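Report on the structure given below.
The values are calculated or read from the model by the stated rules, or taken from the named source; none is laboratory data. Everything numeric here is computed off the predicted structure, so don't read it as measured data. Counting neighbours? That spans all protein chains shown, and the Cβs are built from the backbone with ideal geometry, glycine included.
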Amino acid sequence: MFESAYIAQSIDQVDQKLFNEKLEQAITRARDALLALQHPDGYWCFELEADCTISADYILMMHYMDEIDEDIEAKIAVYLRARQGDHGGWPLFYGGKFDISCSVKTYYALKLAGDSPDAPHMVKARNAILAHGGAARCNVFTRITLALFGQLPWRGVPFTPVEIKLLPRWFLFHPSKISYWSRTVMIPLSILCSLKPKAKNPKRVHIRELFTIPPEEEKDYFPVRSHLNRVFLLLDKVGHLLEPLIPERIRRRAVKKAEKWFVERLNGTGGLGAIFPAMVNAHEALDCLGYPSDHPYRKATKQALKDLLIIGDDSAYCQPCVSHVWDTALSCLALQEEASGMIVEHILRALDWLKARQLLEEPGDWRENRPDLKGGGWPFQLSNPHYPDLDDTAAVAWAMHVTQQERYRESVQCAADWICGMQSKNGGFASFDVDNTHYYLNEIPFADHGALLDPPTSDVSARCATLLALLGHRGPELTRCLDFLFKEQEKDGSWFGRWGTNHIYGTWSVLVALEEAGIHPREPYIQRAVNWLKHMQRPDGGWGEDCDSYFNPEQVGNGYASTSFQTAWAMLGLMAAGEVHSPEVRLGAQYLMRKQQADGFWKDEWFTAPGFPRVFYLKYHGYTKYFPLWALARYRNLRSKNSV
């Protein structure tokens, strides 16, 4: 049964004129609300929320450095307490299951903030943590933090020597073989793991009560994940045993090389890699290396971290990064659809802002594999010059191309050329790197999160294919990319969503690319995708898929509730496959119109994307602002076009 009787009525049974008026009103309210949030400089940027780990880490960082802002700490503690689950611990996403690592860090952060271990919420959390094996069962990153705070021995963390910076590129492991986010996190972290500084921890707060046995007596910090992992674990033990034999001059040389590497990439107040974990490691590594608190580098890294805070009247949380470029590109695409292709001053102001931030001659790690390729990309964040993002680049160039303005022609061409040059051997496109597919590295002890690499994915490849097709590109790059997408289709007809939750996001992305590439919608593989989307529609007319689908294949396409952004993705995907007049799309539009709030936007509690599937998730607050507008405007435009 649908949630109210009028949903089941077809459009033909209601006053068509009244429906069209309501649709137009919904679009107008959403458009005006989005335009009202445009920054005077031209960009849009919305909050980007993660699980409680990031905010807990901010408190831990302040106590590690003895740079405690008690007001901020108290507000973050309010935020953390409010997100405790019924299971007693803290999940990785809203409504999710207990997560041991997130729970341990959050418990420790609250205890550092002054919460008594005898307080009811702390007792409940402690009992849940102990019931799940205690703090020794945490992931690698959490155990490294605990080692820095002296809460467990260094043998409980992987051997991560700074000497990795001295290894040749052909070696089994080299920083260039892992993803940009892993690289920027690992290199300053390797300094900390090698020099083994101890957190200042001025209040001497401990969490020994979270271990089932004393941490120094724990024997099983590294459960075996596979046969190859067993081999790497053996090598890890050998590395720990041999570390004291590393000559001091070799270590000093490695430390200097690692220091030089990350200092060159500090990115001012944008931060190393423009992502929180790397920024924290850089801040703490500078302290470990003896940089005084008033040194420009230390001041910049501290400010970069402060700039990630979202501070309210009563509570605060820390973002993992900022999303200026991504939010601006998608806002432009939604508004361009609403404007039916007309040139709008707001859009030009946004695209001019983006144009000035294209990365052309800047140094970047991607140049190690493509030294002769000219630049042309954009980063995800406000500033991250070493790491342009192919997904963002394709989205920005797409929005620029739609205007057909001469002022953007060169920028679009540079972006397309750069994208073509960043194609991996299998025909797909990754987010930041080329052929970052050394999958055996996910078996090293450090990579228990399984997200060490940046391989090509369906969603990023689809965005790149969309741009190339829009530009009329019919070269081998597009052909190979389409072949990659055909091979990536799941048996049920969907596509996996690496950077958006989950198969609804991936399927929308690919169907749009296939439409722009001129693939006929009656092709069997497109019809399989259409049938899958229709089958996944929920009784209320919307679509919803939660982050459990990354754990459990049976949850693919399903969720706790419908969401506005996933309903928009499903509608956009179906319309790209020629289904604009299908009852499913009509019901999706009705769902969005019904759920729109008085302020013109939509409200969903659910997380919208993975940072790393199964270990780290995100909530893009902008997704409820521009994706529903995009879908409703396209629905209006296609219906109007087809009725002429």
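Figures for the structure shown
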{"quantity": "Test result for Y620, out of contact with any Phe, Trp or Tyr (no Cβ under 9 Å at 6 or more places or on another chain), at pLDDT 95 or above and more than 13 Å from N502 (Cβ to Cβ)", "calculated": "no"}
{"quantity": "Given (1) at pLDDT 95 or above; (2) crowded, with 20+ Cβ neighbours inside 10 Å, index of the condition G493 fails", "calculated": "(2)"}
{"quantity": "Test: residue in the stretch 505-518 that is in contact (Cβ under 8 Å) with a residue 40 or more places away in the chain and closer than 27 Å to K177 by Cα", "calculated": "yes"}
{"quantity": "Of residues in the stretch 150-167 being assigned to a loop (DSSP other than H, G, I, E, B) and touching a helix residue (DSSP H, G or I) at 6+ places or on another chain (Cβ under 7 Å), the one surrounded by the fewest Cβ atoms within 10 Å (Cβ to Cβ)", "calculated": "P153"}
{"quantity": "Positions within the stretch 593-625 being in a helix (DSSP H, G or I) and closer than 22 Å to T328 by Cα, in sequence order", "calculated": "Y623, T624, K625"}
{"quantity": "Count of residues meeting criterion [surrounded by fewer than 22 Cβ atoms within 10 Å (Cβ to Cβ) and under 24 Å from F232 (Cβ atoms)] in the stretch 429-465", "calculated": "15"}
{"quantity": "Only listed residue being within 22 Å of the chain's Cα centre (by Cα), more than 28 Å from W366 (Cβ to Cβ) and of a type in the set (G, A, S), chosen from A274, A316, A304, A282", "calculated": "A316"}
{"quantity": "Any chance E362 is touching a residue at least 12 places away in the same chain (Cβ under 8 Å) and surrounded by fewer than 16 Cβ atoms within 10 Å (Cβ to Cβ)", "calculated": "yes"}
{"quantity": "Cβ pairs under 6 Å, 6+ apart, first in the stretch 32-56 and within 23 Å of A598 (Cβ to Cβ) and at pLDDT 95 or above, second of a type in the set (D, E) and assigned to a loop (DSSP other than H, G, I, E, B)", "calculated": "A33/D599"}
{"quantity": "Tally of residues being assigned to a helix (DSSP H, G or I) and touching a residue at least 40 places away in the same chain (Cβ under 8 Å) across the stretch 530-567", "calculated": "12"}
{"quantity": "Positions within the stretch 229-266 being surrounded by 15 or more Cβ atoms within 10 Å (Cβ to Cβ) and either within 18 Å of D287 (Cβ to Cβ) or in contact with a His (Cβ under 6 Å, 6 or more places away or on another chain) (or both), in sequence order", "calculated": "V255, A258, E259, W261, F262, V263, R265, L266"}
{"quantity": "Complete set of residues in the stretch 501-519 that are part of a loop (DSSP other than H, G, I, E, B) and either surrounded by 24 or more Cβ atoms within 10 Å (Cβ to Cβ) or on the phi > 0 side of the Ramachandran plot (or both)", "calculated": "T501, N502, G518"}
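A quick yes/no check of all residues on (1) buried (at least 24 other Cβ atoms within 10 Å of the Cβ); (2) under 26 Å from the mean Cα position of the chain (by Cα):
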residue	(1), (2)
A576	yes, yes
E579	no, no
S582	no, no
L592	yes, yes
F601	no, yes
T608	yes, yes
